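The values are calculated or read from the model by the stated rules, or taken from the named source; none is laboratory data. None of these values were measured; they are calculated from a predicted model. So basically every Cβ, Gly included, is an ideal-geometry build from the backbone, and we count neighbours across all protein chains shown. Heavy atoms of the whole protein, side chains included, go into the accessibility calculation; ligands, DNA and RNA do not. Shrake-Rupley method; radii C 1.70, N 1.55, O 1.52, S 1.80 Å.
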Amino acid sequence: AFPPASGVSVAELSRLPEAELRSRVLARPRPRHVAIIMDGNGRWATRRGLPRVAGHHQGVKAVRETVRQVGELGIDFLTLYAFSSENWQRPETEVSFLMTLLERTIDGELPDLMAKNVRFRVIGRSAGIPPGVRRRIEHVVTETAANTGLTLVLALNYGGRDEIVDAVRGLAREVRAGALDPESIDEAAVARALYTDGMPDPDLLIRTSGEMRVSNFLLWQIAYTELWVTPTLWPDFGVRDLHVAVAEYQRRDRRFGRV
Ligand code: IPE
Ligand code: IPE
Ligand code: MG
């Protein structure tokens, strides 16, 4: 826990000149793990009279900029919700555009991830991802495995309930094999069985585009995460939005059920 709440309100934070906002953020402990529900690509495009996929295309630029800024703040983990287990229900054209966009983008980012010392990881049901995308992901995961800076986690074909189902299956298999006593299963054992094994829980969850819901993201892990929803649409999310979110997080009094 860190000292709570300076007197400054969110509105006041948002009005601070960028340099001052940034130095405020750097003067206090940053979250170790930031998770983001990158929402609003479709609306961003629709408002401009463009097809929804133009918003996804623009969203990639916001991802790049966010990865850079998060790294510069010295945050250890960034988890980005890129494609949910429910997103397959979208029109086939949008789904295949997204998969192609991923396939093209991931490879191209490798030199930049290496230069920034970023370790790349993916969570979700990999079996459901098209083989072309999967191969490129595996390549980048392997190449960046020894990097020691920011860990960038892409949630892809990810569902929080799927993750819990997969964890339960894994534990059940261990019990059946006689390697695990059901009575010894505790919170730590469940956490180890999740895709996020070895990662700290998110300290801050950001959702763009104003929706006040969790949409099946990191259900177990966000038990005590601080939530921040901004009306900014994902393709418009920039350094200022990030700094406001982190500054707001730094004002929060995290009690974890204590007084
Ligand atoms: C988020 O933007 C990106 C994905 C879910 C892949 P949306 O595509 O959900 O955009 P909106 O919410 O329809 O505006
Ligand atoms: C959540 O956004 C999933 C991602 C950002 C990848 P959605 O747009 O799919 O969520 P809902 O439909 O608004 O709940
Ligand atoms: Mg959406």
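Points worth noting:
Listed here are the residues, each with its yes/no results for (1) exposed (fewer than 15 other Cβ atoms within 10 Å of the Cβ); (2) in a helix (DSSP H, G or I).
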position	(1), (2)
A127	yes, yes
G132	yes, yes
V141	no, yes
A146	yes, no
A155	no, no
A172	yes, yes
G178	yes, no
A189	yes, yes
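- The range 207-236, residues that are among the small types (G, A, S) and away from ligand 1 (no atom under 11 Å from the Cβ): A223
- Residue check: S6 meets all listed conditions (1) at pLDDT 95 or above; (2) farther than 30 Å from T148 by Cβ; (3) in a loop (DSSP other than H, G, I, E, B) but one, namely (1).
- Looking at G210, G160, G198, just one residue is over 19 Å from V25 (Cα atoms) and in contact with a Gly (Cβ under 9 Å, 6 or more places away or on another chain), and that residue is G210.
- Subset of the range 63-87 that is in a helix (DSSP H, G or I) and out of contact with any strand residue (DSSP E or B) (no Cβ under 9 Å at 6 or more places or on another chain) - its residue that is farthest from R104 (Cα to Cα): E72
- The condition (being among the β-branched types (V, I, T) and either outside any helix (DSSP H, G or I) or in contact with a Cys (Cβ under 7 Å, 6 or more places away or on another chain) (or both)) is satisfied by just one residue among V34, V60, V53: V34.
- Yes/no for N216 being polar (S, T, N, Q), open to solvent by 10 Å² or more (accessible area, probe 1.4 Å), farther than 24 Å from R24 by Cα and part of a strand (DSSP E or B): no
Here's the yes/no breakdown for (1) among the basic types (K, R); (2) over 26 Å from L16 (Cα atoms); (3) more than 19 Å from the chain's Cα centre (by Cα):
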{"position": "N157", "(1), (2), (3)": "no, yes, no"}
{"position": "E163", "(1), (2), (3)": "no, yes, no"}
{"position": "S209", "(1), (2), (3)": "no, no, no"}
{"position": "F217", "(1), (2), (3)": "no, yes, no"}
{"position": "D236", "(1), (2), (3)": "no, no, no"}
{"position": "H243", "(1), (2), (3)": "no, no, no"}
{"position": "R255", "(1), (2), (3)": "yes, yes, yes"}
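- Any hit, the range 201-213, residues being open to solvent by 50 Å² or more (accessible area, probe 1.4 Å), charged (D, E, K, R) and within 16 Å of ligand 3 (Cβ to nearest atom): yes
To keep it simple, each residue is scored yes or no on (1) within 16 Å of ligand 3 (Cβ to nearest atom); (2) in contact (Cβ under 8 Å) with a residue 12 or more places away in the chain; (3) surrounded by fewer than 16 Cβ atoms within 10 Å (Cβ to Cβ).
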site	(1), (2), (3)
A11	no, no, yes
E20	no, no, yes
H33	no, yes, no
G49	no, no, yes
R52	yes, yes, no
H56	yes, yes, no
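- When R47, R90, R52, R15 are checked against the criterion of being within 11 Å of ligand 1 (Cβ to nearest atom), basic (K, R) and within 18 Å of T230 (Cα to Cα), R47 stands alone in meeting it.
- Where a residue in the range 230-247 is open to solvent by 10 Å² or more (accessible area, probe 1.4 Å) and its partner, wherever it lies, is among the polar types (S, T, N, Q) and modelled with pLDDT under 95, with Cβ under 6 Å and at least six apart: V244/S14
- Residue within the range 22-32 that is aliphatic (A, V, I, L, M) and under 22 Å from the mean Cα position of the chain (by Cα) present: yes
- Filtered by the rule that a residue be closer than 23 Å to I37 by Cβ and β-branched (V, I, T), the range 239-259 gives V239, V244, V246.
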